[in-house]
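Peer 1: Shown below is the structure under consideration.
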RNA sequence: GCCGCUUUAGUUAAGUGGUAGAACAACGCUUUCGUAAAGCGUAGACACAAGUUCGAUUCUUGUAAGCGGCUCCA
């Protein structure tokens, strides 16, 4: 099943190239693989190609499919292949790079491509209504920015037209939830051209969300003994030269020049060196360990301009960071605590977790720093702990950083997309670079192990994911405004304000909508702000000392949706308090 | 950074080689309303710079920002 769809996608890539050559015979072909949801082909197209041509290429592909073309594979010698592809410079390069003596070719209709195979037998197997060419983009030849930029044409393809429609619907849903659009509509953040790109500004509502999420993130760790520390945002560059980040981060570092002294400073791109300096501030004993520091703070990285995107890729990155210093024997316990915290947090947020155990590559042991036996032991611990916790995990050999193995947690959002957010990361290298030590039971100096951990990763990226996950319908405990109090007319304003005073005493976040508009308009405004509860206040409510409650609707207007009817004010207050408590 | 596209008011968006028509939002007045948009009115825009031109918001180039990718990544 899975294989058949890959064959269809790969075959469509060939058909697309074939169709393109029919219109633009001078096109030079790169490569055209099947990918998730579809396929692409990288091509060097003549200048007169326009994105509008996609439609006619798509139509031509349908004609080719209907010809019931056979896909015929054939092995030929490299020499023969060079002759066959003499007008295709990129193909010639590929042939040259291949180690085998013979190379594969595939013929369908009058189109011949260099290809190792994986095709349908006949285009009959392809549903002509289950694919679509979707976009044109640039892509480097062989993925290296040193090479020519080719044009990449993307298509999506499925086994049935129904699956294609579902996919298109999912994309539309994702577009509706785009955090950049919702961020503006819900008034959460803004980006000013004067402040600079990749440097989002958070409005009161957005700042409230950040604050609430961070409080929760830190509170979870505080119960397990993590303590807040604080470090400044600029630092002498020697710190990063010592840590090894100077070379690694290179031109991603923002440089800061002192006008008073000769100091050359940088904006911090990470916090670990600072926390290690706190560790180094006095001698440490094995009795002090583990030492648990946490700090939510903004780091700065000069990302390449083209990579910035809404809140998901920014230059001011706020990490809910923590660093733990421990003995090798304590790794397991700390990891268990971090996994506990991660599970609680993501369950609350409503996202399923998968764990990727990023281990060293056994074929390439030289790539990794630190004692091999420590690596071996640590990887065994991580594997063991993943099993014990019933994590949905998989092992990725060769995905570890050079300084230590890690567990990457992938969180799945409401649309089934996976995001790497929380990552407890072992570090065997940095503590040694900074000469951190503790005195063990025998009076000998030892190097501690450091564990990096951020629960949300970065607040900005987490928010981008979370906004799209919830489509802006935040749960009550996170909603910047929890309750809209809507007086029907001016004469009901006093009672509305009185309710407001009671809500203040309960620490509810509310808004009295006293603007001179009709009831319908105010309800519409509150619904569009995705406020969880709307209270309608009129003569009836005043007479009864009650409130009419309407819970947030989540779609288009449909009568009195979410209407919970009238209830005494005290009942409503209890209800809200209970809902907030249940969630925390 | 690279390839391609885009930029008109706070937002969405029409249009033109002779400086712009609208909707929502804002503001004012009227209205005081029972579950997703009351009525009337006022104010507000061609991203920036250079060039071509009698004249540029419109054409060209550059800069900035945005979008889709590549690469990279929290």
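Nothing in this text is a laboratory measurement; each read-out follows from the coordinates by a stated rule. Nothing here was measured: the structure is a model prediction, and the numbers come from that model. Neighbour counts run over all protein chains shown; Cβ positions are idealised from the backbone, glycine included.
Peer 1: For segment A:483-524, what is the convex hull volume of its Cα atoms per residue in Å³? If you can, show how the numbers build up before the last one.
Peer 2: Details: hull volume 2.1 nm³, N = 42.
With only Cα atoms used, segment A:483-524 gives 50 Å³ per residue.
Peer 1: For segment A:459-584, what size does the Cα cloud have along each of its three principal axes, sorted from largest down, in whole Å?
Peer 2: Sorted from largest, the Cα extents of segment A:459-584 read 47, 29, 22 Å.
Peer 1: Next up: Taking each pair of different alpha-carbon atoms in segment A:1-142 once, compute 1/r for the pair, average those values, and report the inverse of that mean as the Kirkwood hydrodynamic radius in Å to one decimal. Can you show the working numbers first?
Peer 2: Numbers: mean 1/r = 0.0646 Å⁻¹.
Answer for segment A:1-142: a Kirkwood hydrodynamic radius of 15.5 Å.
Peer 1: Quick one: divide the alpha-carbon radius of gyration of segment A:141-253 by 2.2 N^0.38 Å and tell me what you get. Can you show the working numbers first?
Peer 2: Values: Rg = 22.1 Å, N = 113, 2.2 N^0.38 = 13.3 Å.
Ratio of Rg to 2.2 N^0.38 Å for segment A:141-253: 1.67.
Peer 1: Here's a follow-up. Give me the extension gain from residue A:262 to residue A:35: residue separation times 0.36 nm, minus the current Cα-Cα distance, reported in nm with one decimal.
Peer 2: Numbers: separation 227, 0.36 × 227 = 81.72 nm, distance 5.25 nm.
Extra length from residue A:262 to residue A:35 when fully extended: 76.5 nm.
Peer 1: What FRET efficiency, computed as 1/(1 + (r/R0)^6) with R0 = 60 Å and r the Cβ-Cβ distance, is obtained for residue A:110 and residue A:524, rounded to the nearest 0.05?
Peer 2: Working: r = 60 Å, r/R0 = 1.00.
Step by step, r from the Cβ atoms, then E = 0.50.
Peer 1: Here's another thing I want to ask about it. How big is D for chain A, in µm² s⁻¹ as a whole number, if Stokes-Einstein is applied with the Kirkwood radius of its Cα pairs at 20 °C and 1.002 mPa s? Don't jump to the answer; show the numbers that get you there.
Peer 2: Working: Rh = 28.4 Å.
Answer from the Stokes-Einstein relation: 75 µm²/s.
Peer 1: When only alpha-carbon atoms are used, what values of Rg and Dmax, in angstrom, describe segment A:183-470?
Peer 2: Using the Cα atoms of segment A:183-470, the pair Rg, Dmax is 19.2, 62 Å.
Peer 1: Right, another one. In bins 5 Å wide, starting from 0, what share of all Cα pairs of segment A:91-211 does each bin hold, as a percent?
Peer 2: That works out to 2, 8, 9, 11, 13, 13, 12, 10, 7, 6, 6, 3, 1, 0, in percent per bin.
Peer 1: In whole Å, largest first, what are the principal axis extents of the Cα atoms in segment A:216-278?
Peer 2: Dimensions of segment A:216-278 along the principal axes of its Cα atoms: 43, 27, 19 Å.
Peer 1: Further question on the same structure: Could you work out the relative contact order of segment A:183-470, using alpha carbon pairs under 8 angstrom and six or more residues apart, expressed as a whole percent? If you can, show how the numbers build up before the last one.
Peer 2: On the way: 506 pairs, mean separation 55.8, N = 288.
Here the relative contact order equals 19 percent.
Peer 1: Mind ranking A:297-306, A:522-531, A:360-369 by how tightly packed they are, going by the mean number of other C-beta atoms within 10 angstrom, highest first?
Peer 2: Values: A:297-306: 15.0, A:522-531: 18.7, A:360-369: 12.8.
The most tightly packed comes first, giving A:522-531, A:297-306, A:360-369.
Peer 1: What distance in nm separates the two pseudo spin-label positions at residue A:52 and residue A:212, each 7 Å out from Cα along the beta-carbon direction?
Peer 2: My value for the distance between the label points is 4.9 nm.
Peer 1: If I model a spin label as a point 7 Å beyond the Cα along the Cα-Cβ vector, how far apart are those points for residue A:190 and residue A:174 in nm?
Peer 2: The answer from the label model is 3.0 nm.
Peer 1: State the three equivalent ellipsoid semi-axes of segment A:7-62, derived from the C-alpha gyration tensor as the square roots of 5 times its eigenvalues, in descending order and whole Å.
Peer 2: Numbers: eigenvalues 66, 31, 19 Å².
Square roots of five times the eigenvalues give 18, 12, 10 Å.
Peer 1: If you don't mind, another one. Hey, what did chain A get for relative contact order, percent, Cα under 8 Å, at least 6 apart? List each step's numbers first, then the result.
Peer 2: Working: 1006 pairs, mean separation 56.7, N = 584.
Relative contact order of chain A: 10 percent.
Peer 1: Moving on to the next point. Mean separation of Cα pairs under 8 Å and 6+ residues apart, divided by the residue count of segment A:476-583: what relative contact order is that in percent? Walk me through the numbers before you get to the answer.
Peer 2: Details: 159 pairs, mean separation 29.3, N = 108.
Worked out over segment A:476-583, it gives 27 percent.
Peer 1: Next up: Once fully extended, how much extra length lies between residue A:517 and residue A:497, figured as 0.36 nm per residue of separation less the alpha-carbon to alpha-carbon distance?
Peer 2: Full extension from residue A:517 to residue A:497 adds 5.5 nm.
Peer 1: Under a plain spin-label model, where a point goes 7 Å from the Cα along Cα-to-Cβ, how far apart in nm are residue A:302 and residue A:415?
Peer 2: So the label points at residue A:302 and residue A:415 sit 3.3 nm apart.
Peer 1: In segment A:90-122, whose amide N lies under 14 Å from the spot 7 Å out along Cα-to-Cβ of residue A:77? List them in ranges.
Peer 2: In segment A:90-122, the label zone of residue A:77 (backbone N under 14 Å from the point 7 Å along Cα→Cβ) covers A:101-103.
Peer 1: Give, as ranges by residue number, the residues of segment A:498-514 whose backbone N falls under 20 Å from the point 7 Å along Cα→Cβ of residue A:571.
Peer 2: Answer for this model: A:499-500, A:502-503.
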